[in-house]
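Student: One structure, as structure tokens, below. Some questions next.
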Amino acid sequence: MHHDRTPSAHRPPRPRALRLQPTSPHWFPKDLHTWSPATANDPFNRASVQRAERRWRQQYAANPTAQACNGDLMALSVFGHTSGHPSLGSDDVQYYAFGYWQYVGTLVYWGGAIDEGLIVAPSPAVTDAAHRNGVPVYGTVFFGNHTDPEYVKQVKDFNHPRVPEALVQIAQYYGFDGWFVNQETPVHRHIAGDVRDTMVQLRSRAAEAGLGIGWYDAMTADGKVGWQHMLNDENVRFFQASDAFLIDSDWTVQGLKDSAALARSLDRDSRSLYADYDLGGIGLSGTDVDVVFGLDPRITSVGLYGTQWSFEQATPPPDRPADDVFLTDFYANESKLWTGPTGNPSTPVPGWEWKGLSSSLAERTPIVATPFTTTFNAGHGTRYAIDGAAQENGWNHLGLQDVLPTYRWVVTTGAGKPLTAGLDFTTAWQGGSSLRINGSLSADNLIRLYQTDLPTGTGRQIRIACRSSVQPNGFTLQVGVRHEGSGFTYSNVTTPFSSWGTTTVDLPATGKPIVEIALAVRLTGAGPRLVDLNVGMLAVLDAGQSGAPAAPTAFTVVRSDIQGNLAEVLLRWSAPARPPYRYRLSSRSQDGTTLTYLGTTNGTGFYLPSVRRTTSGSRPDARTTLLVQAVGHDLTASKPAETTLNWPA
């Protein structure tokens, strides 16, 4: 069974056309013959986040059967159209805001279409979210399964001697981590040989640059497209020209064992073979993932094709669901896919076909250094809050996604039903969402949040912002910290709760790393008690990491397009010496009386789709002041840098 891997089978509606909006780059192979970073001039598509280091500790895995050292998972995911995909987010909450990075080894940003472009670089927002979580991201080179001469011509153009170097330079310029090549166009044997030579050169040059290369099992050495479902003499030359090899989904266990033996005979780790599971074709009805991860020892990894299944199931054509319905359905689907039917990675349900990937893959953490700050921002929402005050506008910008809780959701209690933990898109302190903990409290509850590996620091503090929707009588909220080799130590959260407030907890220097952060809700009187808490920030900061950062510099309008009293604006600025948590943009009227929030981003450039002309009194302003502030890891903002947008008379 072979499924059409064209990434346009189910895609969200195209966003409305805007003149200046940056969109993710894509090319045809011939474009690479002359591509140069010296002339690219595409700053708004460059990633801003360096890939974090990730670590894992088997003893702190949510599920004791899960492992992170023996087999891996490659997610092959569609985030939008090949062309016209906004680089820095848009005004639509209904976006594939993937967030279960702790289970993913590599993300392939799937795309490519013969009428748009066959070589696709990841959106900078996706790359930034992945890198914040320590996950490498690959772009895609896509040749579809067609015999039309135009497709063959594209493959020939790929074999140009300039292409390997250009692909490496593109990845370096835009800041992502490698390429996945999907070659399903039947070609003559000599063209196939040229493809293999191009791949050898690409892998060699990529290795020098610290990049990775993937290949899909489709074309064989004679140029025919014949999926082998295993590694064998027909495709082994392409395995040798790649770092990761995706075996088509009709594999068998014996075929995987034979493939692993062949890989090892070539002095290659058999876990560089990825057994394909096609979510788009099978959904959650199959057990193939369990088969691969159940082999003892695990001999290959898994390639999960079409992880956007959770998004597609929440947005079935032809009708667009209401935003709140979409969010409910999308996160329910994500939970089933990654943590199984219980929504708790520590408690898989026996007998279910799909147990969730957390039953096989141990969580990995990028929280290995301070400062660490989260506002539980999922990268999209129906509103955006600043200090609890929200603007009611749908939005997405995956580059703003925080590192979300590692253990979604592990809640334990000694008696009664555990409290419910989850993301709340109706209440936020900063950003589009918060952590909500609610239910009837009959006994103490422990909510495990983050696995960490934070070395000891000086002057270390935890800061937490929260509020309660009900009078917090008869219980207390505590933040728990576990140091290596010890149990949790707890400190009370003392904010008034009636409105958003922050508590700062000083952490003792134990000389041992922090390996887990949790929250506890404890009864202080007779139960049961009604609990409805929102947590809007959790930060771990060492001495010198608090306080407002320096202001950005060199703030300028790169380009504007004014239509009536609205303007599209592209902005750039330079970062302060100490990297901030985020940047916040606003406008100020000419008379200084009106300040309007415009947006938040994580890099040193942003696109504003609709800056409205300000007024002073009843008269339209001749100019509007634009401001950018650096927001620190304790969420205090710098003094603003300013520039001017001039309106026509």
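Student: Exactly one condition in (1) part of a strand (DSSP E or B); (2) in contact (Cβ under 8 Å) with a residue 24 or more places away in the chain is not met by T596; state its number.
Tutor: Single failed check for T596: (2).
Listed here are the residues, each with its yes/no results for (1) within 17 Å of L530 (Cα to Cα); (2) touching a Lys or Arg at 6+ places or on another chain (Cβ under 8 Å); (3) surrounded by fewer than 21 Cβ atoms within 10 Å (Cβ to Cβ).
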| residue | (1), (2), (3) |
| --- | --- |
| A415 | yes, no, yes |
| C466 | yes, no, no |
| N473 | yes, yes, yes |
| G485 | no, yes, yes |
| N492 | no, no, yes |
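Student: Oh, and also: Restricting to region 321-340, give me the number of residues that are open to solvent by 50 Å² or more (accessible area, probe 1.4 Å) and closer than 18 Å to D290 by Cα.
Tutor: Matching residues across region 321-340 total 1.
Student: State whether the residues of region 530-537 include one that is open to solvent by less than 10 Å² (accessible area, probe 1.4 Å), in contact with a Ser or Thr (Cβ under 6 Å, 6 or more places away or on another chain) and within 24 Å of P455 (Cβ to Cβ).
Tutor: Yes, region 530-537 contains at least one residue that is open to solvent by less than 10 Å² (accessible area, probe 1.4 Å), in contact with a Ser or Thr (Cβ under 6 Å, 6 or more places away or on another chain) and within 24 Å of P455 (Cβ to Cβ).
Student: Please go through region 547-579 and pick out each residue that is out of contact with any Gly (no Cβ under 6 Å at 6 or more places or on another chain) and in a loop (DSSP other than H, G, I, E, B).
Tutor: Start the filter on region 547-579 by keeping residues that are out of contact with any Gly (no Cβ under 6 Å at 6 or more places or on another chain), which leaves 547, 550-571, 573-579.
G547, A550, A551, P552, G564, N565, A575, P576, A577, R578, P579 - these are the residues of region 547-579 that are out of contact with any Gly (no Cβ under 6 Å at 6 or more places or on another chain) and in a loop (DSSP other than H, G, I, E, B).
Student: Now, a different point. Quick check on region 400-410. Is at least one of its residues outside any strand (DSSP E or B), over 20 Å from the mean Cα position of the chain (by Cα), hydrophobic (A, V, I, L, M, F, W, C) and under 24 Å from G632 (Cβ atoms)? Please lay out each step first, then the result.
Tutor: Just the residues of region 400-410 that are outside any strand (DSSP E or B), to begin with: 400-409.
Retained after the next criterion (residues that are over 20 Å from the mean Cα position of the chain (by Cα)): none.
No, because not a single residue in region 400-410 is outside any strand (DSSP E or B), over 20 Å from the mean Cα position of the chain (by Cα), hydrophobic (A, V, I, L, M, F, W, C) and under 24 Å from G632 (Cβ atoms).
Student: Pick from region 599-608 the residues that are touching a strand residue (DSSP E or B) at 6+ places or on another chain (Cβ under 6 Å) and assigned to a loop (DSSP other than H, G, I, E, B): which of them is surrounded by the most Cβ atoms within 10 Å (Cβ to Cβ)? Quick ask: steps written out before the conclusion?
Tutor: Residues of region 599-608 that are touching a strand residue (DSSP E or B) at 6+ places or on another chain (Cβ under 6 Å), as a first pass: 599-602, 604-608.
Next cut, assigned to a loop (DSSP other than H, G, I, E, B) only: 602, 604.
Working: N602: 25, T604: 19.
Ranking the qualifying residues of region 599-608, first place goes to N602.
Student: Further, regarding this structure: Go through region 247-319 and tell me which helices (runs of 4 or more DSSP H), entirely inside it, have 2 or more residues that are free of Cβ contacts under 8 Å to residues at least 12 places away in the same chain and not basic (K, R).
Tutor: Values: elements: 253-265, 279-282, 288-294, 309-314.
Filter on region 247-319 gives 253-265.
Student: Return the total of residues in region 422-451 being of a type in the set (S, T, N, Q), outside any strand (DSSP E or B) and in contact (Cβ under 8 Å) with a residue 60 or more places away in the chain.
Tutor: Going through region 422-451 one residue at a time, the tally reaches 3.
Student: Same structure again: Just wondering, is there one or more residues in region 96-115 that are under 30 Å from D424 (Cβ atoms), over 17 Å from the mean Cα position of the chain (by Cα) and of a type in the set (G, A, S)?
Tutor: So far as region 96-115 goes, no, none of its residues is under 30 Å from D424 (Cβ atoms), over 17 Å from the mean Cα position of the chain (by Cα) and of a type in the set (G, A, S).
Student: Every residue in region 620-649 that is assigned to a strand (DSSP E or B) and hydrophobic (A, V, I, L, M, F, W, C), please. If you could, list the steps in order and put the result at the bottom.
Tutor: First, the residues of region 620-649 that are assigned to a strand (DSSP E or B): 620, 623-631, 637, 641-646.
Across region 620-649, the qualifying residues are L626, L627, V628, A630, V631, A637, A641, L645.
Student: Filter region 234-262 down to the residues that are surrounded by 16 or more Cβ atoms within 10 Å (Cβ to Cβ) and of a type in the set (S, T, Y) and list them by number.
Tutor: S242, S249, S259 - these are the residues of region 234-262 that are surrounded by 16 or more Cβ atoms within 10 Å (Cβ to Cβ) and of a type in the set (S, T, Y).
Student: Any idea which of S310, S301 is open to solvent by less than 60 Å² (accessible area, probe 1.4 Å), in contact with a Gly (Cβ under 8 Å, 6 or more places away or on another chain) and either modelled with pLDDT under 95 or within 15 Å of L357 (Cβ to Cβ) (or both)?
Tutor: Working: S310 fails: in contact with a Gly (Cβ under 8 Å, 6 or more places away or on another chain).
Of the residues listed, the single one that is open to solvent by less than 60 Å² (accessible area, probe 1.4 Å), in contact with a Gly (Cβ under 8 Å, 6 or more places away or on another chain) and either modelled with pLDDT under 95 or within 15 Å of L357 (Cβ to Cβ) (or both) is S301.
Student: Which residues, counting only those in region 106-133, are open to solvent by 10 Å² or more (accessible area, probe 1.4 Å), part of a loop (DSSP other than H, G, I, E, B) and not β-branched (V, I, T)?
Tutor: Scanning region 106-133 gives D115, E116, N133.
Student: Let me ask something else about it. Among the residues of region 566-592, write down those that are closer than 19 Å to Y607 by Cβ, more than 24 Å from the chain's Cα centre (by Cα) and open to solvent by 60 Å² or more (accessible area, probe 1.4 Å).
Tutor: Once the filter is applied, which keeps residues that are closer than 19 Å to Y607 by Cβ, more than 24 Å from the chain's Cα centre (by Cα) and open to solvent by 60 Å² or more (accessible area, probe 1.4 Å), region 566-592 yields only L566.
Student: Go through A415, A378, A369 for me and flag whichever is touching a residue at least 12 places away in the same chain (Cβ under 8 Å), assigned to a loop (DSSP other than H, G, I, E, B) and over 30 Å from A548 (Cβ atoms).
Tutor: The match here is A415.
Student: Need the failing condition index for A390 against (1) of a type outside the set (S, T, Y); (2) at pLDDT 95 or above; (3) open to solvent by 40 Å² or more (accessible area, probe 1.4 Å), just the number.
Tutor: (2)
Student: Let me ask something else about it. Looking only at region 263-290, how many residues end up being open to solvent by 10 Å² or more (accessible area, probe 1.4 Å), touching a Gly at 6+ places or on another chain (Cβ under 7 Å) and among the small types (G, A, S)?
Tutor: 1
Student: For G632, which of the numbered conditions (1) at pLDDT 95 or above; (2) touching a strand residue (DSSP E or B) at 6+ places or on another chain (Cβ under 8 Å); (3) surrounded by 20 or more Cβ atoms within 10 Å (Cβ to Cβ) fails to hold?
Tutor: The single condition G632 does not satisfy is (2).
The values are calculated or read from the model by the stated rules, or taken from the named source; none is laboratory data. None of these values were measured; they are calculated from a predicted model. We place every Cβ from the backbone using ideal geometry, glycine too, and count neighbours over all the protein chains shown. Please note that ligands, DNA and RNA were not included when accessible areas were found on the heavy atoms of the full protein model with its side chains. Shrake-Rupley method; radii C 1.70, N 1.55, O 1.52, S 1.80 Å.
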